[in-house]
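Have a look at the structure below, then the notes.
The values are calculated or read from the model by the stated rules, or taken from the named source; none is laboratory data. This structure is a prediction, so every number in the text was calculated from the model and none was measured. Positions of Cβ are generated from backbone atoms using ideal geometry, with glycine treated the same way; all protein chains shown enter the neighbour counts.
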Amino acid sequence: MIKLERVHILILAFLFSFSQNLHAQNVDFKSSNFKEDKDGLKTALDEIKLGDEFLELGNQAVIDVNDVKDYFIRALFHYEKAQKFNPKNAELNYKIGNALLYTNRKYEAKKYMDVSIQLNPDPDPMFYYYYAQVMQQELEYKKSLEYIDKFIDEAKSKRAEEMKKFTTKFKKECNAAPDIVDKPIRAWVDNLEVVNSTEDEYSPCVTADGEFLILTSKRPNAHAADDIGKFDGDIYSSSFENGAWTAPKNLGAPLSTDADETASGLSYDGQRLLLFSYKESNANVMESKLEGMDWSDPALKFSSNINSEANETYASYEPADIKVFYIYDGKLNGDKDIFFSGIMDKSRNTWGKGQSVGSQVNTKFNEGSVFMHPDGRTMYFSSQGHNSIGGYDIFKAELVQGIWTNPVNLGYPINTPYDDQFFAFTANEKYAYIASNRPGGKGGMDIYQVTFWGPEKQVIYDSEDQLLASQVNPIRSTPLEKEVAIDKKSLTVFKGKVIDYITKKPIQAQLVITDNSTGEIISDVKSNSATGKFLLSLPSGRNYGISVNKEGYLFHSENFNLPELSEYNLVNKDVEMKNIAVGSKIALRNVFYATGKADLTSDSYSELKRLVDLLNVVPRLKIELSGHTDNTGSEGLNQKLSQERAESVKSYLVGQGISADRLTAKGYGSSRPIDSNNSSEGRQNNRRTEYEITAN
Amino acid sequence: MKITITIIALLSFCALNAQEADSSLTDVEKAFRDSIAALNLESDILAKSQESYNKGIESYNAGQFDAAIGHFSDALSLNPVMLQSYYNRGASYYAKEQYDAAINDFSKVLEMDESHYNALFQRGMCRYSSGSMEEAIGDFMEANMANPGQEGPVYQLGTIYFLLQKYDESITYFSNCIKLNPKKPDYFNDRGSAYRMKKDYVNAAKDYEQALAINDNLAYVKNNLGSVKKLMGDQNAALVSYDYATLSDGDYYIAFNNKGVVLCEQGKYEEGMKSFDRAIAGNKSYAISYNNRGAAKFKMEYYKEAVKDFNQAILLDPNYVNAYVNRGIAREMARDQKGACSDWKKADELGSNAGRKFYINNCND
C-alpha cells in the first residue's frame, strides 16, 4: 500500500513537471529576470524579507502552540506586494500559501500552493506538510495522508522534528475525519449573510430566546486603521424581527472603542456581557451591564488574583452565576486552555483562583472558545485537539459526577477542516450560532446559523389491501319483481230483448254467447219471459257469436263485435225469432183492409213483408191464410168477405214471389171467434187475418 | 284510497252520460250498467298502472334509474297497493344510492308482506351501505330466517361484523357461508381477512391459499396473502405474492403499491419508486402511491420532487392526512419551514398525532 502511494506521488510530481514544461516556468527574483525594473525588484525583495520575518514568527508560534497574533496577516501584507511584481516565483507562492493557511483566508492557500508546485516540482519537503493541509481542506483525506507521509519521509530538518506532534495529530485527524464527514449531522449551517462582511465576524452571543445577537466584527469602522489597513474589533448587535435578523449595529462606546474589543459571553437574559480587549498586549475578562438602553462601562470581571500577565479572553457565564469559564493562555507551554473561577464573595467580587477544567477537555493544542449551556452541565467549546477534522472544531462535554466526559465532536457540517469556533445556543436548542472561516462566506471569519432538524422525522408509507371480496366485487345484484301482463278488462253492457219476428211479442229464449277467438262460452242465460229482456256484461274488444234458441222457433244465430272502449259502453241487441211450429196460428194484427172490402191498405205491407221473409227463409214452410170477422152482419156476407180477404193476402204473397202451392186461403166468417163479440174490443180482436203453419 | 276516489269520480261522470244516453233503463239495469262502468274504469286504471310499472323495469334495466323511479311512482299513484312497484322503486333508489328513500320503499313492501325475502335483504343492504350496521344486522337476520338457504344474508352478516371489528362473529358467519357453498373463494378470502385482523396470520394465510386453490386468478387474494406474509415478517415472500398478484392482473395497482412499500422498507428506494410508478400507471387517481413515491423521493433526498408527489396526493384526496405530514417533512428539508408548518397544522386538524407533534416542536419559534 505504501509503495502504491509513493508511486501515486511520483506520478503527481511527474505531472507537475510535465505541466511546468508545457505551461509555466519559475521566475526567480534576480536582476537578470527584471533588467528593466531593478527598483521594483529591490522593493519586492525588501517586501519578501519583511514578510519572511513575520512568517517565521508565525510558524514558530504555531510550533509553540502560541497565539499567532497577526504575524501571518502581516507576512501576507508584504508578500502580496512582491507577488504583484512577480507572480511566477515558486517559493513566494509557497510562502503565501503557508501564511494563508494560518489566517481566515486559508481557503485561498490551494491556489498558491498549486502554482508553486507547478513552478517547482521538486519543492522543499515542508511544502508537502502544507499541501497535506490543503488536501485536508478539500476533504481529500487519502491524498492528505499521502502528502503528510511524503513530508515525514523527506523532511530531515530540525523544524520537521519539531512538527512531529502536529503530523501525528494530523494523521489522526485524517484517519478519523471520513467517518465524521460521511455521517453528517441533521442540521443546516447557513451563512448569516446579513451580519457578515468581507472582514472578520466572530464570537456570536445570543440571548436564550434567540432574538438578540451580539457579535464582534473587524469591518471598517470610525476608528483609524492600523499600519496594514486593518481595523480594530468593535461590538455589534442584531435583532430577530419579522422572521429575519436585522443589519448589525455598532454598539458604540463604551463597548466599542478604538481598542480591539471582543464580546465573548452574553448572560442568558441578555442583561450582562462579558468581553475583553487588549491593553498593552494583555487581555482581561471585563463585564458590562445593560442599564436601560445603555451598556455600562466595562469593568474587570475578576478580582486581581485571576487577572494576570497572561491573557484571559473568551468567557462564558454559567446559569447558577457562581462560576465563569474562560480561555487562558498562561500555562507553562503557552497554549490556550479552558479555565474557570468560582465566586467567593459576591459583595466584594472575590473570585477563587482560576483552574483548568481538566485534561478531559484541555489538550496540548489550543482550545479557542467556551459556552456553557443553560443546563449548567453541558459545555460547548472549540479546540484544535481531540478528534478535530481540521483546524478548530466545536465539541461538547458533559459534567457527570463532577467530571467532564470525553468531548464529542459536534460533527460535519458544523465542523469542517477549517476553523469552526464559538457556539451560542438558543434555549429551544433549535438554533446555534458559530463562526467559521470555511469557504463560501463573505470573507474572513463569518457568523453561521446552525439549524438543528431534531430527531429524524419518518415519512409515512401507506399500504392498502382489499380485505373483503365485496370491496373488489361490490354486491349490487338487486333482483327486480317481474313484469306483469297488462290485464285490461273492458266490459260492455250487452242488453236487448227477444221477440217474435212477426208479432213482436217477447219470448223467453236461451241465449248462448261464445268468444269466437277462443270458443269459450262467455254467457248462457235466458231472456225474461215477460219482457223478453236480457242484460249481461261482456269483455270488450272481442268478436262474439250469439245463438238464441226457443222451441218452435227458428234457431237464431249471429256474429257481432264489441269494440274496445276504455270507458263505459252499452250495446243494445234485440233478437227477433221466427215461429215455425206446425199448427201455430199467428194473427196478423197489422194487416188492414178497406172498410167492407178485401183490398189491402198500404200500411199492411210492412207486416206482410215480414211474412214474405219468413216464407223465403223457411222454404219448406206451408201456411193456411184465414180470414175472420165478428158476428155483426149476415153470416153469408161475413163468409164471403173473410174468404176474399184471405185470398187478397194470398195474392199479395204470390205477388211477392211465394209459390201459390205453399199457400191456402180460407174464409171462416165469424165461426172462429177468439174473443167475445159482446164488446167492441172483443169484436176488434175477432176481426182478423191469421196464418197457420201447416207444414215445415 | 286514491284509486277509490278516482273511480267514484269517474263513475259519477259516466253514470250521468249513461243516463243521458239511455233513459229507458230500469233502475236495476242502471245499477248494473254503473257497476260495469266502475269495473271498466278500475280495470283501465290498473292497466295503466301496470304499463307504468313495466316501463319502470325497462328503464331500470337500461340503467335509467331516474326514469325508472318516475315510472314506478306513476304506477303507485294509480295503484298505491302494488307491492311490486314499491319494491322496484326501492331497488331504483338503491341503485342511485338514495338509501333513505330506498329503505322507505322496502319498508312499505314489508308492511304488505313481512316475510318478503328480497325486501328484507335489500333493506339490509341499504342500511349497511348507509352505515346503519345494527339495523342492517336485524334485516339480514330476518332475511336469513325468511329464506335459510340463501348465502347472501349470512355473507353480509360476516361482512358487517368484520367492519364492526367483531372478528369472532365474522369468522362464524363466513364459516357458515363456506358450509353453504364451499366452492366460493370469496368466503375463504374474507374469513382469512378476519383471521388476519385477529393477528392469527397462520389461519389467515391458510384461508387465502384455499381461496387461491379454488381460483388462482384472484389478484386481490394474492395481494392479501402478500400482506399477511409481510406481517409474518417474511418480506421476500410478500414480494413474491405481490408479484404473483400483478401477474394475474397487470394493472393491479394495489399490489404494485404494496410491493413498493416493502422495497422502500428494505431501503430499495429506486426499485420502490418504479413500483409506485407502475401503480400510478394502473390508476392515475391513486393518491396513496403518489404519497408513497413522494416518501421514496424524500428518502433519496429529492425533496422538491417529493413535494410535487405529495401535492398530487393531496389534490386527489384533500383529506389525506399522511400526505400532509409527509409534505411538511419534505418542505422542511426543502427549506420551506412556513409551508411545512402549514402542512403539519393541517394534519393536526385532521387528527394526526405526528402532525401535531411536528407542529408543536418545530413551529412555535
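Scan segment A:444-477 for residues that are under 20 Å from B:Lys184 (Cβ atoms), among the polar types (S, T, N, Q) and facing another protein chain (nearest Cβ under 7 Å) and jot them down.
Initially, segment A:444-477 is screened for residues under 20 Å from B:Lys184 (Cβ atoms), giving A:465-477.
Now drop any that are not among the polar types (S, T, N, Q), which leaves A:466, A:470-471, A:473, A:477.
Within segment A:444-477, A:Gln466, A:Ser470 qualify.
Looking at the structure I just gave you, is A:Ser648 farther than 26 Å from A:Ser679 by Cβ and touching a strand residue (DSSP E or B) at 6+ places or on another chain (Cβ under 8 Å)? So that I can check it myself, show each step before the final result.
Details: farther than 26 Å from A:Ser679 by Cβ: yes; touching a strand residue (DSSP E or B) at 6+ places or on another chain (Cβ under 8 Å): yes.
Spelling it out, A:Ser648 is indeed farther than 26 Å from A:Ser679 by Cβ and touching a strand residue (DSSP E or B) at 6+ places or on another chain (Cβ under 8 Å).
Against the test of being closer than 24 Å to A:Glu464 by Cβ, among the hydroxyl-bearing types (Ser, Thr, Tyr) and touching a Phe, Trp or Tyr at 6+ places or on another chain (Cβ under 8 Å), the options B:Tyr324, B:Tyr320 yield a single qualifying residue, B:Tyr324.
Within 13 Å of chain A (Cβ to nearest Cβ), in a helix (DSSP H, G or I) and more than 23 Å from B:Gly131 (Cα to Cα): is that true of B:Phe162 in this structure? Working first, answer last.
Details: within 13 Å of chain A (Cβ to nearest Cβ): yes; in a helix (DSSP H, G or I): yes; more than 23 Å from B:Gly131 (Cα to Cα): no.
For B:Phe162, the condition - within 13 Å of chain A (Cβ to nearest Cβ), in a helix (DSSP H, G or I) and more than 23 Å from B:Gly131 (Cα to Cα) - is not met.
Of B:Ala31, B:Ala38, B:Ala15, B:Ala67, which residue is assigned to a helix (DSSP H, G or I), at pLDDT below 80 and over 19 Å from B:Phe106 (Cβ atoms)? Please lay out each step first, then the result.
Values: B:Ala31 fails: at pLDDT below 80; B:Ala38 fails: at pLDDT below 80; B:Ala67 fails: at pLDDT below 80.
Going through B:Ala31, B:Ala38, B:Ala15, B:Ala67 in turn, just one is assigned to a helix (DSSP H, G or I), at pLDDT below 80 and over 19 Å from B:Phe106 (Cβ atoms): B:Ala15.
Which is without any contact (Cβ under 8 Å) to a residue 40 or more places away in the chain, assigned by TED's automatic domain parsing to the domain that holds B:Asn322 and aromatic (Phe, Trp, Tyr), of B:Tyr290, B:Tyr242, B:Tyr269, B:Tyr201? Steps first, please.
Details: B:Tyr242 fails: assigned by TED's automatic domain parsing to the domain that holds B:Asn322; B:Tyr269 fails: assigned by TED's automatic domain parsing to the domain that holds B:Asn322; B:Tyr201 fails: assigned by TED's automatic domain parsing to the domain that holds B:Asn322.
When all the criteria are applied, what remains is B:Tyr290.
Report, by residue number, each residue of segment A:485-498 that is buried (at least 20 other Cβ atoms within 10 Å of the Cβ) and either more than 7 Å from every other protein chain (Cβ to nearest Cβ) or not polar (S, T, N, Q) (or both). Can you show your working first?
Restricting attention to segment A:485-498, the residues satisfying the condition of being buried (at least 20 other Cβ atoms within 10 Å of the Cβ) are A:490-495, A:497-498.
Result: A:Leu491, A:Thr492, A:Val493, A:Phe494, A:Lys495, A:Lys497, A:Val498.
Looking only at segment A:574-584, residues that are surrounded by 17 or more Cβ atoms within 10 Å (Cβ to Cβ) and part of a loop (DSSP other than H, G, I, E, B) come to 1 in all.
Looking only at segment A:529-544, residues that are polar (S, T, N, Q) and at the interface with another protein chain (Cβ under 10 Å from one of its Cβ atoms) come to 3 in all. Counting only strands (runs of 3 or more DSSP E) that fall entirely inside segment A:179-229 and contain at least 1 residues that are surrounded by fewer than 18 Cβ atoms within 10 Å (Cβ to Cβ), the qualifying elements are A:187-191, A:212-217. Per the conditions (1) closer than 22 Å to A:Ile674 by Cα; (2) within 14 Å of chain B (Cβ to nearest Cβ), the sole criterion not satisfied by A:Leu562 is (1). The single condition among (1) at pLDDT below 95; (2) in contact with an Asp or Glu (Cβ under 7 Å, 6 or more places away or on another chain) that B:Arg293 does not meet is (1). Across segment A:337-370, the qualifying residues are those that are touching a Phe, Trp or Tyr at 6+ places or on another chain (Cβ under 7 Å) and assigned to a loop (DSSP other than H, G, I, E, B), and the one among them that is surrounded by the fewest Cβ atoms within 10 Å (Cβ to Cβ) is A:Gln360. Answer with yes or no whether A:Lys88 is over 18 Å from A:Lys30 (Cβ atoms), part of a loop (DSSP other than H, G, I, E, B) and either out of contact with any strand residue (DSSP E or B) (no Cβ under 9 Å at 6 or more places or on another chain) or among the acidic types (Asp, Glu) (or both). It is false that A:Lys88 is over 18 Å from A:Lys30 (Cβ atoms), part of a loop (DSSP other than H, G, I, E, B) and either out of contact with any strand residue (DSSP E or B) (no Cβ under 9 Å at 6 or more places or on another chain) or among the acidic types (Asp, Glu) (or both). Here B:Lys96 passes the criteria (1) surrounded by fewer than 15 Cβ atoms within 10 Å (Cβ to Cβ); (2) more than 27 Å from the chain's Cα centre (by Cα); (3) more than 9 Å from chain A (Cβ to nearest Cβ); (4) not small (Gly, Ala, Ser) except the one numbered (2). Per the conditions (1) more than 13 Å from chain A (Cβ to nearest Cβ); (2) surrounded by fewer than 17 Cβ atoms within 10 Å (Cβ to Cβ); (3) among the polar types (S, T, N, Q), the sole criterion not satisfied by B:Gln266 is (1).
Within segment A:374-394, the set of residues being part of a strand (DSSP E or B) and either among the basic types (Lys, Arg) or buried (at least 22 other Cβ atoms within 10 Å of the Cβ) (or both) comprises A:Met379, A:Tyr380, A:Phe381, A:Ser382, A:Ser383, A:Asp393, A:Ile394. What number of residues in segment A:131-152 are of a type in the set (Ser, Thr, Tyr) and farther than 13 Å from A:Ile389 by Cα? The total comes to 2.
So, A:Thr664, is that one at pLDDT 95 or above and hydroxyl-bearing (Ser, Thr, Tyr) or not? Give the derivation first.
Numbers: at pLDDT 95 or above: yes; hydroxyl-bearing (Ser, Thr, Tyr): yes.
Yes, satisfied.
Of the listed requirements (1) touching a Cys at 6+ places or on another chain (Cβ under 8 Å); (2) surrounded by fewer than 20 Cβ atoms within 10 Å (Cβ to Cβ), A:Gly443 misses just one: (1).
Here A:Tyr128 clears all of (1) modelled with pLDDT of 95 or more; (2) surrounded by fewer than 20 Cβ atoms within 10 Å (Cβ to Cβ); (3) closer than 25 Å to A:His386 by Cα except the condition numbered (2). Out of the residues in segment B:172-200 meeting the condition of being assigned to a helix (DSSP H, G or I) and more than 13 Å from chain A (Cβ to nearest Cβ), tell me which one is surrounded by the fewest Cβ atoms within 10 Å (Cβ to Cβ). Ranking the candidates gives B:Lys179 first. Do we find a residue being within 21 Å of the chain's Cα centre (by Cα), at the interface with chain A (Cβ under 9 Å from one of its Cβ atoms), surrounded by 17 or more Cβ atoms within 10 Å (Cβ to Cβ) and assigned to a helix (DSSP H, G or I) anywhere in segment B:105-114? So far as segment B:105-114 goes, no, none of its residues is within 21 Å of the chain's Cα centre (by Cα), at the interface with chain A (Cβ under 9 Å from one of its Cβ atoms), surrounded by 17 or more Cβ atoms within 10 Å (Cβ to Cβ) and assigned to a helix (DSSP H, G or I). Would a scan of segment B:115-124 turn up a residue that is surrounded by fewer than 24 Cβ atoms within 10 Å (Cβ to Cβ), touching an Asp or Glu at 6+ places or on another chain (Cβ under 9 Å), more than 11 Å from chain A (Cβ to nearest Cβ) and outside any helix (DSSP H, G or I)? Yes; the residues of segment B:115-124 include at least one that is surrounded by fewer than 24 Cβ atoms within 10 Å (Cβ to Cβ), touching an Asp or Glu at 6+ places or on another chain (Cβ under 9 Å), more than 11 Å from chain A (Cβ to nearest Cβ) and outside any helix (DSSP H, G or I).
All of (1) in contact with a helix residue (DSSP H, G or I) (Cβ under 7 Å, 6 or more places away or on another chain); (2) more than 7 Å from every other protein chain (Cβ to nearest Cβ) hold for A:Leu480 with one exception: (2). Exactly one residue among A:Ala427, A:Ala397 is in a loop (DSSP other than H, G, I, E, B) and assigned by TED's automatic domain parsing to the domain that holds A:Ile338, and that residue is A:Ala427.
Only a single item in (1) more than 8 Å from every other protein chain (Cβ to nearest Cβ); (2) part of a helix (DSSP H, G or I) is not met by B:Ser24, and it is number (2). Collect the residues in segment B:314-338 that are more than 9 Å from chain A (Cβ to nearest Cβ) and crowded, with 24+ Cβ neighbours inside 10 Å, keeping them in residue-number order. Hits for segment B:314-338 are B:Tyr324, B:Arg327. Only one of the listed residues (A:Glu681, A:Glu624, A:Glu692) is surrounded by fewer than 21 Cβ atoms within 10 Å (Cβ to Cβ) and touching a Gly at 6+ places or on another chain (Cβ under 9 Å). That residue is A:Glu692.
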